[in-house]
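Read through the structure below, which is laid out as structure tokens, and then see the notes.
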Amino acid sequence: MDKLDILRLDRDHVWHPCTQQKDHESLPPIPIARGDGVYLVDVDGNRYIDGVSSWWVNLFGHNHPRLNRALTDQAGRIAHHIFAGFTHEPAVELASRLCRLAPPGLTKVFFADNGSAAVEVAVKMSFQFWQQTGRPQKSRFVSITDAYHGETLGALSVGGCDLYREIYRPILLEGFRVQGPDCFRCPYGLHRDHCNAECFEHLERQVTATQEQIAAVIIEPLIQGAAGMRIYPPVYLKKLRTLCDACSVHYIADEIAVGFGRTGRMFANEHAEVSPDLLCLSKGITGGYLPLSVTLTTDAIYDAFYDDYAAQKAFLHSHSYTGNPLACALAVEVLKIFEEEDVLAGLHPKMALLQRQASRFESLQHVGEFRRCGMVAAIEMVQDRETRRPFPWQQRRGLEVYRQALARGALLRPLGNVIYFMPPLTIAEDELQTLLDIAYEAIVAVTSVP
Ligand SMILES: Cc1ncc(COP(=O)(O)O)c(C=O)c1O
């Protein structure tokens, strides 16, 4: 197929995610032919640095020799088989490695095949736990404003991004939504590097007052990704763990985006030295090769489901591709690469490079903040720096930065007025510098227009 055929068939038959299809009239999708390290290469041979790890999934670059080999080795044995009544080596190796690596106390692994499904599993497990331990009234979930946990109905129900959920509100589950941290526009006039998460008072008040109705609090630890890479301090999570213990409420940590090294540690909860009751992981788990997700939990939760069949306490959640061997083999290889190539230690110079950019970007008239957590950095563009007034969303300044960056050879998919970097962890320093330079030029080009 040539490029025009691909674009014609795409236009005629394909409905893309998170897209107003009409936008393709002026900005058609880019047909990608292959990947090469941190680069996506299109059918014309143009190269784009994948500054967002292809929706936060890619960890070690595209077309990775070790991952390619792990995939083909496993394909030569078996691609998939039923996971009820059967098991396989990649799944058990992955589960045991994850339990060793994860925050203490997480001993059991339930498999699913995407992030939203992992959240559904966590929500259903928590609900059913309370049903089966004599407190059936604990059936509601607490989340914070602008939270994002996926887009299936259960995951949307515990989310807080109106952009994705407002139209579906009549068919969502009812829960409690509480004001979360907003460090860029902190109502307390504090800074995330020095505060004591004073804003935690909202969550504390809600959970304390309604604890008898609450099954769990769900949160994205340290970075609220889809909300615009909002970064908040670890002390918030410490307080959350203490509160959940005091009120007999589960803490569900959604590390789907931030797990696997993005924050500079293997898991974001490590920064706060806390363990959740349920931990959701996906995205980077297979290095960005295949869909897979897991929900880790504790013996205490697992034991509430373990009984004679007649007691009818089993957790009956199943997906056809549960525990897919290809995906599990990739995930095992990902964990071996982390260990054998000391990936986390290699992040330090790159995190320092990112941090050194703060003053460069913040000197721009329309940059309100440059923020960073680990290997994730974000630039919030504003119309007015003094008041932090945002550019009106209708102006779509972020989309303009996206266009400008593409023309310069980088994929920087914005979140509204926020331009962010979440590159593959293995990006080289010179590639990272190029990505930052392109972002700088693109932002200057877009914000110098009134
Ligand atoms: C924090 C978080 N939770 C859940 C999800 C949903 O994952 P998926 O898109 O695989 O359903 C995402 C996806 O971006 C996410 O960032």
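In table form, for the structure just shown:
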read-out: Karplus-derived HN-Hα couplings along region 275-289 (A = 6.51, B = -1.76, C = 1.60, θ = phi - 60°), whole Hz, x at Gly and Pro; value: 10, x, 7, 9, 10, 9, 10, 6, 6, x, 4, 9, x, x, 9
read-out: Ordering of 250-260, 235-245 by burial proxy (mean other Cβ atoms within 10 Å per residue, highest first); value: 250-260, 235-245
read-out: Solvent-accessible area, 1.4 Å probe, carbon plus sulfur percent, for the chain; value: 53
read-out: Karplus-derived HN-Hα couplings along region 23-30 (A = 6.51, B = -1.76, C = 1.60, θ = phi - 60°), whole Hz, x at Gly and Pro; value: 4, 5, 4, 9, 9, x, x, 9
read-out: Contact order normalised by residue count of the chain, Cα under 8 Å, 6+ apart, percent; value: 21
read-out: Amide proton proximity set for His250, modelled H, under 5 Å, gap of 5+; value: Ala216, Val217
read-out: Distant-in-sequence amide H partners of Val178 (H built 1.01 Å from N, under 5 Å); value: Ser143, Ile144, Thr145
read-out: Formal net charge of residues neighbouring Trp55 (Cβ-Cβ distance under 12 Å; K, R +1; D, E -1); value: +1
read-out: For region 354-447, size of Cβ-based charge dipole, Lys and Arg +1, Asp and Glu -1, in debye; value: 300
read-out: Pairwise Cα inverse-distance average, inverted: Kirkwood Rh of the chain (Å); value: 22.9
read-out: DSSP-defined beta bridges in the chain - what % are antiparallel, rounded to 5; value: 65
read-out: Net +/- balance of residues flanking Asp113 in space, Cβ distance below 13 Å, scoring K and R +1, D and E -1; value: 0
read-out: Length-normalised contact order for region 239-361 - Cα pairs under 8 Å, 6+ apart - percent; value: 20
read-out: Antiparallel DSSP beta bridges within region 273-408, percent to nearest 5; value: 100
read-out: Ordering of 63-76, 364-377, 5-18 by packing [mean C-beta count within 10 Å, highest first]; value: 364-377, 63-76, 5-18
read-out: In Å², nearest 10: area of Leu94 left accessible to a 1.4 Å probe; value: 0
read-out: Between region 125-198 and region 358-432, the Cα center-to-center distance that results, in Å; value: 26
read-out: Cross-link pairs beyond the 27 Å C-alpha cut-off, checked among Lys238/Lys283; Lys138/Lys313; Lys108/Lys138; Lys239/Lys336; value: Lys239/Lys336
read-out: Under the Debye formula (equal points on every Cα, no solvent term), log10 I(q)/I(0) of region 266-310 at q = 0.14 Å⁻¹; value: -0.51
read-out: Dipole moment magnitude, nearest 20 debye, region 288-435 about Cα centre, only Lys, Arg, Asp, Glu C-beta charged; value: 1020
read-out: Among Ala155, Phe391, Val123 the positive-end extreme of the charge dipole of the chain (Cβ point charges); value: Phe391
read-out: For the chain, calculated [θ]222 nm from helices alone, where every DSSP H run of n ≥ 4 adds -39500 (n - 2.57); value: -10000 deg cm²/dmol
read-out: Among Ile427, Ala70, Ser143 the positive-end extreme of the charge dipole of the chain (Cβ point charges); value: Ser143
read-out: Per-residue SASA entry for Thr387, accessible area with 1.4 Å probe, Å² rounded to 10; value: 90
read-out: Unit charges at the beta carbon, dipole of region 6-92: most positive-side option, Ala79, Tyr48, Ala33; value: Ala79
read-out: Region 1-53-region 261-334 distance, computed between alpha-carbon centres (Å); value: 32
read-out: Accessible area per residue, Å², region 175-324 with all protein chains present, probe 1.4 Å; value: 39
read-out: Percent RCO, i.e. relative contact order, over region 22-153, from Cα pairs under 8 Å lying at least 6 residues apart; value: 12
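The values are calculated or read from the model by the stated rules, or taken from the named source; none is laboratory data. Everything numeric here is computed off the predicted structure, so don't read it as measured data. Glycine also receives a Cβ, built like all others from the backbone with ideal geometry; neighbour counts cover every protein chain displayed. What goes into the accessible areas is simple: the full protein's heavy atoms, side chains included, and nothing from ligands, DNA or RNA. Shrake-Rupley method; radii C 1.70, N 1.55, O 1.52, S 1.80 Å.
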